[in-house]
Amino acid sequence: MSEEIWRFTHLPGDRAPGPDYSGPGVEAELTGRMPEGRPAARPERPERPERPERRGRFEHSGGPYDDLYTARASSALGKVASDDGMLDVRIKAPGELGGPGGATNPEQLLAAAYASCFHNSLTLVAGRQGVPTSDATVDTTVTLRKRGTADDYTIATDLTVRLPGVEPEAARRLVEQAHGECPYSRAFMQGAEVHVHLA
C-alpha cells in the first residue's frame, strides 16, 4: 500500500474569460501600490448577452437542476460575512499585491472552499464503493494572474489529493470520479451560471 498523490490543474484557458477581479489587489491598485503600473484607460469590453432570470431551477444540457441550498454572504467595509453569522472575517490584500496583509483574502477563501467541496465529493464517491478515505487530504492552491493591462485578471487552481493506503488504480479512479462530480470542479471546467444585479 503506497500513498498516492494525484493533481488536477485548472488554468485560465480551460474556460471562457470571467469578469474582472474584484477582491484584494484592487485597493492596492487604487493606492498605486501594485508592483505593475496601471493602464491609461480601461479597454472596451464586448456586450454580453442577457441570461434568463433564475427561478429556482435552471436548464442544463443534462436536464434541469433543483436548488438544494443557498449560501449568502456580503462584502462591505473590508470584511465579508455570511447572513447566518457563521462566517465573519476581515479581508485585506496580501503583501504580494501591495496590501498590508494580516487578514484573509478571497483567494484563500476560495482555496479553502474548493478543498472542502472536493474532499466531500471524494468521500461520497469512495463511500459508494466501500473504500475508506478517513486519511485522505486535499490541498488546493488558487493563484491570481494578471495579463498586460491592470484590470485583466484571472485565477488558476491546482488540487493535490493524497489517498494513503489505497491502491494506485483505485485511487486514480476515485479521484477522477470525484473531479467529475465536484460542483466546484465542474464550475471551473464547464463554467458556472452567474447573475449580477444592481440593487
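What number of residues within segment 84-111 satisfy the criterion of being exposed (fewer than 12 other Cβ atoms within 10 Å of the Cβ) and in contact (Cβ under 8 Å) with a residue 24 or more places away in the chain?
Adding up the residues that qualify gives 0.
Show the residue pairs meeting these rules: Cβ distance below 7 Å; 6+ apart or different chains; first residue within segment 131-146 and under 16 Å from S121 (Cβ atoms); second residue assigned to a strand (DSSP E or B) and open to solvent by 60 Å² or more (accessible area, probe 1.4 Å).
Between residues of segment 131-146 that are under 16 Å from S121 (Cβ atoms) and residues that are assigned to a strand (DSSP E or B) and open to solvent by 60 Å² or more (accessible area, probe 1.4 Å), the close pairs are A136/R162; T137/R162.
Looking at segment 61-83, which of its residues are out of contact with any Phe, Trp or Tyr (no Cβ under 8 Å at 6 or more places or on another chain), more than 22 Å from N105 (Cβ to Cβ) and surrounded by 10 or more Cβ atoms within 10 Å (Cβ to Cβ)?
D67
Out of the residues in segment 66-82 that are under 20 Å from G99 (Cβ atoms) and of a type in the set (A, V, I, L, M, F, W, C), state the one that is modelled with the lowest pLDDT. Steps first, answer last, please.
Restricting attention to segment 66-82, the residues satisfying the condition of being under 20 Å from G99 (Cβ atoms) are 75-81.
After this cut, where a residue has to be of a type in the set (A, V, I, L, M, F, W, C) as well, the list is 76-77, 80-81.
On the way: A76: 95, L77: 89, V80: 97, A81: 98.
Among residues in segment 66-82 that are under 20 Å from G99 (Cβ atoms) and of a type in the set (A, V, I, L, M, F, W, C), the one modelled with the lowest pLDDT is L77.
For D135, are the conditions met, namely being part of a strand (DSSP E or B), closer than 21 Å to G165 by Cα and open to solvent by 50 Å² or more (accessible area, probe 1.4 Å)?
On the way: part of a strand (DSSP E or B): no; closer than 21 Å to G165 by Cα: yes; open to solvent by 50 Å² or more (accessible area, probe 1.4 Å): yes.
It is false that D135 is part of a strand (DSSP E or B), closer than 21 Å to G165 by Cα and open to solvent by 50 Å² or more (accessible area, probe 1.4 Å).
Which residues, counting only those in segment 141-199, are of a type in the set (A, V, I, L, M), under 25 Å from Y65 (Cα atoms) and open to solvent by less than 70 Å² (accessible area, probe 1.4 Å)?
Residues satisfying the conditions are L174, V175, A178, A187, A192.
The values are calculated or read from the model by the stated rules, or taken from the named source; none is laboratory data. In this text, all values refer to a predicted model and were calculated from it rather than measured experimentally. As a convention, Cβ positions derive from the backbone with ideal geometry for all residues, glycine included, and neighbour counts pool all protein chains shown. Only protein heavy atoms, including side chains, enter the accessible area calculation; ligands, DNA and RNA are left aside. Shrake-Rupley method; radii C 1.70, N 1.55, O 1.52, S 1.80 Å.
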